[in-house]
Amino acid sequence: MLDPTSVAAISAVLGAVGAGMANEAGKWAWESTGGVVRRIVGREVPAPAAQDERDDVARMMHERIREDPRLAAHWRSFASRVGGGGTGRGRPSQSHLPASIRFFTDRKEAMRQLRREATRRADGRPRVALVHGPDGMGSSTLAVHYGAQSAELFPDGRIYADLGGGRTGGARGSGTVLRVLLRQLGVPDEEMPPATEQLGEFFRHRVADLELLVVLDHAYSASQVRPFINSAPGVFTILVARNPFPGIDAVRVRVGPLTDKDAKRLLTDITDKSTVAAARATLPSLLARCGGSPYALRAAAHQLSAPTLPPRGVGADGDPVRGAAEDNYRLLAPETARLYRLMALRGWPAFDAAIAARTTGEDPAATAERLEDLADRMLLEHHGSGTGRFHYRPGVRAHAEAAAIREDGITACSAALGRTLTGYADLAASAAHQALPESWRVPAPPGDRTGQRYEDRGAALGALLVEAGNLVEAVRCAEESGDPDTAVRLCRALWPLQLKAGHHEMLLPALRTGVRLAGGSGAGALHAQLAHSLTETGRWEEAEEAARAAAHAEESTGHKRGHASAVEFLGLLRLRQWRYQEAYDCFEEAGGILGTMGAQDEGAGDVPRAEALLERHRGRALRGLGRREEARRRLETALSYFRPGDGAAGDTYNTARTLTDLAETWLDEENTEAALPLIEAAITTLDGQRAEYHLSHLRRMRDRCTTP
């Protein structure tokens, strides 16, 4: 058994605690660890970020522990308290693959290639296949169909992610995709490391002993997929791409056109033998214009009964996918054709009838029917079963966008795109305000643009979560459209997703854009939002720069509430960095700014709560400095504000956090008698709050107090 006071064991604890900062208990544990390190080493030690830095801190601690048995006992007690921060290892469900298709033709050799790679003897090399073929040729379908047919090889599940390489708007970041895969593995967000650099290693650890299929769709480069590749003996990774990009050691599986024989078989499966037999005159021409593309064949199947094939229009371009889209497009009613064109002006990840109606200016109910018509004609694809959301196949969107520019013109296209942006901005502003009505960071929308009313805060946050990808794309679109005000408005509405949902990785590109575009009072708010997400993802140097920029911008515009908040953010960053005296000084500075606010200042109504939060933060900083009696006084002051009483509802979230802080100050002194009632009170406060990670941490604290 490894000695808990050895360099290796100490370094392992530091690494485990650092990787667990995604939830509130994990952040507490990290800050607490800094205070313990300071006590053992005898001076302030900067928080380590990399493995070599953790090893250096561990060596310093080991030297002191070896000389002082009391410090050794203190470390053993603390290490046992922060260990095992998760709630248990999740397991994936059987399949997260998209639905396979009913009629799958040919591809026998490709299926054999995939099975050979999946079942070859483990020899340390990753099992990887790169399935590649042009849009509409069925490369994604092949990967999904293989997964559906090979369930017995992957008893621990089959997981899937779209890397976005085939969409306009850019690929998804590796951190975002890793989180998608980890959720499918049964890992809650609260257990995932905050920093992208740690996520890859965390993912590899989670899949190390699983028999698992991983399908990564729409890949485009080796650098994009490298974070997902691992040598676990039971993991098989299928990459799907249009082209066989270099730089990855994988079995190449080409997906080419179907032969005329197989194409005819597919048409027979889709229709019936009599229909194909009756189409002897048109069949050769139809097969030629479909070019062996399964998508084009499916889209053209209804033409078999036509006496002659219509001539191809200007949108075909000799490409089977665009040609099929053009053929079906020419059959649309004018209103449906206009909807098809205008929603293709941007690569929205998935849109619904409400936003499509805003784009076209038509009735939402009629728009919903038209979207279903487009899906029936294979000009749109359903985005999940029963969601009422749709997306374009890349080649089809390219056809629709070209048709919009040709038939509607630049002016009409710009106006339609402006309506879409306004629709997303209105939706986001309304949902964000309902999710966080007390936050000055989320301005209330104008009275005539309040939008949909949600049942509660959770429902409003859920609406933002559903649209998160579209909102990020909308920020990018607003920048390219020369509409900075809408971009900034959208970014301000992302705050609940940052604060409550922790979607920092996917929001960072939008927040960086907002910071570039914001001016005046908006610049400070967006710099602060950026600083928050940078802190949470472990980008501490950038976070400091953003927090200082926020403070400067807010001070220069005379926005005192924003100035105080920016300085507070800098203090919270200092806590994360174990720089406790600087953190305390920041909280003092922020409190001084709040003290100058008058009733006329924006955010004045929030000042009492802001001051209580600063008191709690001061208590945390003082605890890190080892000044525990002063820390308790500050924490008691904060608790008196947060705790329900005298008819006030109180703040259960911060009540529990402050009770936990108080209990920890007593446990620092091994005073379990004083800590236990505070722990019990915190557990009672969180009852029914779904705060399982905080509760798990509190139960471990309670066990320490009650175990002899």
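Just so you know, all these numbers are worked out from the coordinates, no wet-lab data involved. Note that the structure is predicted; figures quoted are calculated from it, not measured. Cβ placement follows ideal geometry from the backbone for every residue including glycine, while neighbour counts extend to all protein chains displayed.
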Q.
Per 0.36 nm of contour for each residue apart, how much would the distance between ALA365 and ASP601 grow if the chain were fully extended, relative to their Cα-Cα spacing?
A. 80.5 nm
**Q.** Cα-only radius of gyration and Dmax that characterise region 499-560, units Å
**A.** 11.1, 32
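Report the net charge of residues surrounding ALA16, where surrounding means a beta-carbon distance below 13 angstrom and charges are Lys +1, Arg +1, Asp -1, Glu -1.
Numbers: positive: ARG54, ARG81; negative: GLU191, GLU201.
Value of the local net charge: 0.
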Q) Fewest first, what order do ASP408, ASP352, ASP123 take by the number of other Cβ atoms within 10 Å? A) ASP123, ASP408, ASP352
Q | Degrees, to the nearest 10: 560-576 long Cα axis against longest axis of the chain | A | 80 degrees
Q.
Would you report the distance distribution of C-alpha pairs in region 267-407 as whole percents per 10 angstrom bin, up to the bin with the largest distance?
A. 12, 42, 31, 14, 1
Q) What list of ³J(HN,Hα) couplings, whole Hz, do you get for region 437-442 from phi and the Karplus terms 6.51, -1.76, 1.60, once you set θ to phi - 60° and write x for glycine and proline? A) x, 8, 7, 5, 6, 10
Q: Any chance you could run the full-extension gain for GLU197 through GLN51? It's 0.36 nm times the residue separation minus the Cα-Cα distance, nm to one decimal.
A: 51.4 nm
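Averaging the inverse of every distinct alpha carbon separation and then flipping it gives the Kirkwood radius. What is it for region 7-82, in angstrom units?
On the way: mean 1/r = 0.0817 Å⁻¹.
Evaluated on region 7-82, it is 12.2 Å.
Normalised radius of gyration for region 600-708, please: alpha carbon Rg relative to 2.2 N^0.38 Å, two decimal places. Can you show the working numbers first?
Values: Rg = 14.6 Å, N = 109, 2.2 N^0.38 = 13.1 Å.
Its radius of gyration relative to the 2.2 N^0.38 Å reference: 1.11.
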(Q) Normalised by the empirical 2.2 N^0.38 Å for globular proteins, what value does the Cα Rg of region 438-546 take? (A) 1.04
Q) Using the count of nearby Cβ atoms within 10 Å as a rough guide to exposure, how do LYS273, LYS500, LYS27, LYS560 rank from fewest to most? A) LYS273, LYS500, LYS27, LYS560
Q. Once Rh for region 334-447 is found with the Kirkwood sum over Cα pairs, what is the Stokes-Einstein diffusion coefficient at 20 °C and 1.002 mPa s, in µm²/s?
A. 144 µm²/s
Q: Note the angle between two axes, namely the Cα long axis of helix 196-207 and the longest principal axis of the Cα atoms of the chain, as a number of degrees from 0 to 90, rounded to the nearest 10.
A: 70 degrees
Q) Where the convex hull is taken over the Cα atoms of region 228-294, what is its projected area averaged over directions, in nm²? A) 6.8 nm²
Q.
Between region 169-243 and region 13-69, what is the separation of their alpha carbon centroids in Å?
A. 29 Å
Q: Compute the whole-percent fraction of alpha carbon pairs in region 532-666 spaced more than 23 Å apart.
A: 35 percent
Q) How high is the FRET efficiency between ALA288 and TYR454 when r is their beta carbon distance and R₀ equals 51 Å, given to the nearest 0.05? A) 0.45
Q: Calculate, for SER77 and HIS205, the FRET efficiency according to 1/(1 + (r/R0)^6) with r their C-beta to C-beta distance and R0 30 Å; round to the nearest 0.05.
A: 0.65
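Please rank HIS617, HIS552, fewest neighbouring Cβ atoms within 10 Å first, as an exposure proxy. Spell out each step's value before the answer.
On the way: HIS617 24, HIS552 15.
So the ranking, lowest neighbour count to highest, is HIS552, HIS617.
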Q) Setting aside same-chain residues fewer than 8 positions from LYS261, which lysines have a Cα under 30 Å from its Cα? A) LYS108, LYS273
Q | Between region 329-398 and region 496-569, the alpha-carbon center distance in angstrom | A | 36 Å
**Q.** Difference of contour (0.36 nm per residue) and Cα-Cα distance, SER223 to ARG633
**A.** 142.4 nm
Q) On a 0 to 90 degree scale, rounded to 10, what angle separates helix 139-149 from the longest Cα axis of the chain? A) 70 degrees
Q.
Between ALA277 and HIS383, how high is the FRET efficiency from 1/(1 + (r/R0)^6) when r is the Cβ-Cβ distance and R₀ = 35 Å? Nearest 0.05.
A. 0.40
Q | Separation of alpha-carbon centers, region 244-306 and region 117-133, rounded to whole Å | A | 29 Å
Q: Taking every pair of alpha-carbon atoms in the chain, give the share separated by more than 47 Å as a whole percent.
A: 28 percent
**Q.** Proximal lysines relative to LYS560, as straight alpha-carbon distance under 25 Å, when same-chain residues fewer than 8 apart are discounted
**A.** LYS500
Q: Note down the nm distance, to one decimal, between modelled labels 7 Å out along Cα→Cβ at PHE103 and at HIS552.
A: 6.5 nm
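For every helix of n ≥ 4 consecutive DSSP H residues, a contribution of -39,500 (n - 2.57) applies; sum these over the chain, divide by its total residues, and give [θ] at 222 nm rounded to the nearest 500 deg cm²/dmol.
-19000 deg cm²/dmol
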Q) So what is the relative contact order for the chain, in percent, with contacts set as C-alpha pairs under 8 Å and at least six apart? A) 10 percent
Q: For every other residue with a beta carbon closer than 13 angstrom to the beta carbon of HIS552, add +1 if it is Lys or Arg and -1 if Asp or Glu, then tell me the sum.
A: -3
Q: Take every Cα-Cα distance within region 108-254, group them into 10 Å bins from 0 onward, and report for each bin the whole-number percent of pairs it holds.
A: 12, 44, 36, 8, 0
